[in-house]
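The values are calculated or read from the model by the stated rules, or taken from the named source; none is laboratory data. Every value quoted in this text rests on a predicted model; they were computed, and no experiment measured them. We place every Cβ from the backbone using ideal geometry, glycine too, and count neighbours over all the protein chains shown. Ligands, DNA and RNA are stripped out before the accessible areas are found, and what is left, the full protein with its side chains, is counted by its heavy atoms. Shrake-Rupley method; radii C 1.70, N 1.55, O 1.52, S 1.80 Å.
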Amino acid sequence: MKKAPVFHDTTLRDGNQSLAKPWNLEEKLEVFGLLCGLGVEKIEAGFPSASAMDFETCRTIAEVADGNITVGALTRAVEKDIKTTYESIAHAATPRIHIVLALSPFTMEHVLKIHPQKVKQLAAESVAYARSLIKNRGEVQFTAEHFGDCMENLDFVTETFLACTDAGADIINMPNTVERYRPYLFTDMVEKVVSALPEHIVASVHCHNDLGMATATSVESYFAGAVQIETCLNGIGERAGNANLFEIAAVLNNCGVDTGLNIKLFVQTAKRIAELSETPIHQKAPLFGEEVVMHRSGIHQDGAAKTKHMTKGAYRPMDFSAIGRTENDRMGFTSQSGRSALAEILANEGITLSGQQASALIRICKKASETEGELSTGRILELFAKVQ
Ligand code: KIV
Ligand code: ZN
């Protein structure tokens, strides 16, 4: 049986580190509260050795977190950083030390400048040290940075993962640190690693969205065997962002997978995150964009009108009311539009069009729209007055 997905949210760390103005304690506590409200139970609070403010916020979040929340913090594979990280989250009911170390050939050679065998040793030693601090009252996660670039040394990466699980890691995280290639190439690697890991180890993915495929890659990674999915709210994060929790949950929900999340709160949470991150929601953004309920072409308007009271609409991915959106379908009238739009727009004004009125009105509305673009309801009413 497929295991239920576990969301490990990194908005407070990967999201926060990409902001022009990283959040202060008060803002981080608000985002933490939003995550808890959504039902997310694994939350990465920050990167304590990055700044005194991040250390302080991790410490406070660990203190206020309810007993069901795992509070994580990221660290480099450096002993003093691991210690600082542990100290920042030690008060949580379940603290998680998250160690990151690059394992791709390119990064080991050009950035770390350390021989792979030494990197492997460092990975295992760092995990063992974290385990010695956290003992049995918390978790240790190991991340192979740039996993998505590890096609050619996957055997070495797998051996390193096994050295880490032997040393006490509970979670093995495979990030697409920079999204460069096909989702399938990534999920194929995930599948290979999962089959090599001991049964009790949690396999995790963390996908960035550089080429716009992070949601797809995360979802397919889950079906390839990863259980933990790392996300950010609204898909904020480094460069083009991280995998978007809302989108992934919506797909899984559509596929009948219980995410355990409170999806009714998605819209209000997304709006608040847009404000807090000063990253407005794009009008075409899946699920939340202003435009994604809009139908302007005649064929789509006809399908939308005929299925508007159904859970599955002809031209919408889901019943948006399930995520707290007040509107499922909206009609806009342009030269591309059809009768259904006019009927719908005028019905909203309490007007029922006769067949004759509709034929006359559509002609003049299309003509007007050729030069005026989308017609407002007021303009349609004005033109309607001429055909009565
Ligand atoms: O993108 C990345 O590789 C990361 C890791 C620390 C998980 O953010
Ligand atoms: Zn990342």
(request) Filter the helices (runs of 4 or more DSSP H) completely within the stretch 211-321 down to those with at least 2 residues that are over 26 Å from LEU375 (Cβ atoms) and of a type in the set (Phe, Trp, Tyr). (result) 214-223
(request) Identify the single condition in (1) touching a strand residue (DSSP E or B) at 6+ places or on another chain (Cβ under 9 Å); (2) of a type outside the set (A, V, I, L, M, F, W, C); (3) under 22 Å from PHE7 (Cα atoms) that ASP66 does not satisfy, given that it satisfies every other one. (result) (1)
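Here is a yes/no grid of residues against (1) open to solvent by 50 Å² or more (accessible area, probe 1.4 Å); (2) closer than 15 Å to THR231 by Cα:
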| position | (1), (2) |
| --- | --- |
| LEU25 | yes, no |
| VAL31 | no, yes |
| LEU38 | no, yes |
| LEU74 | no, yes |
| LYS80 | yes, no |
| THR94 | no, no |
(message) Just the residues that are more than 16 Å from ligand 2 (Cβ to nearest atom) and not acidic (Asp, Glu), please, taken from the stretch 213-247.
(response) ALA216, VAL219, TYR222, PHE223, ALA224, GLY225, VAL227, PHE246
(message) If the requirement is being among the acidic types (Asp, Glu) and within 21 Å of GLY303 (Cα to Cα), which of these qualifies: GLU382, GLU374, GLU370?
(response) GLU374
(message) Report every pair of residues separated by at least 6 positions or lying on different chains whose Cβ atoms are under 6 Å apart, first residue within the stretch 204-220 and more than 15 Å from ARG180 (Cβ to Cβ), second within 11 Å of ligand 2 (Cβ to nearest atom) and modelled with pLDDT under 95.
(response) none
(message) I'm trying to understand the selection: among the residues of the stretch 13-46, which are assigned to a helix (DSSP H, G or I), of a type in the set (Asp, Glu) and within 16 Å of ligand 1 (Cβ to nearest atom)?
(response) ASP14
(message) Consider the stretch 138-183. How many of its residues are outside any loop (DSSP other than H, G, I, E, B), under 19 Å from the mean Cα position of the chain (by Cα) and more than 16 Å from ligand 2 (Cβ to nearest atom)?
(response) 1
(message) Being under 19 Å from ILE97 (Cα atoms), away from ligand 1 (no atom under 13 Å from the Cβ) and touching a Cys at 6+ places or on another chain (Cβ under 9 Å) is the filter here; which residues of the stretch 170-200 pass it?
(response) none
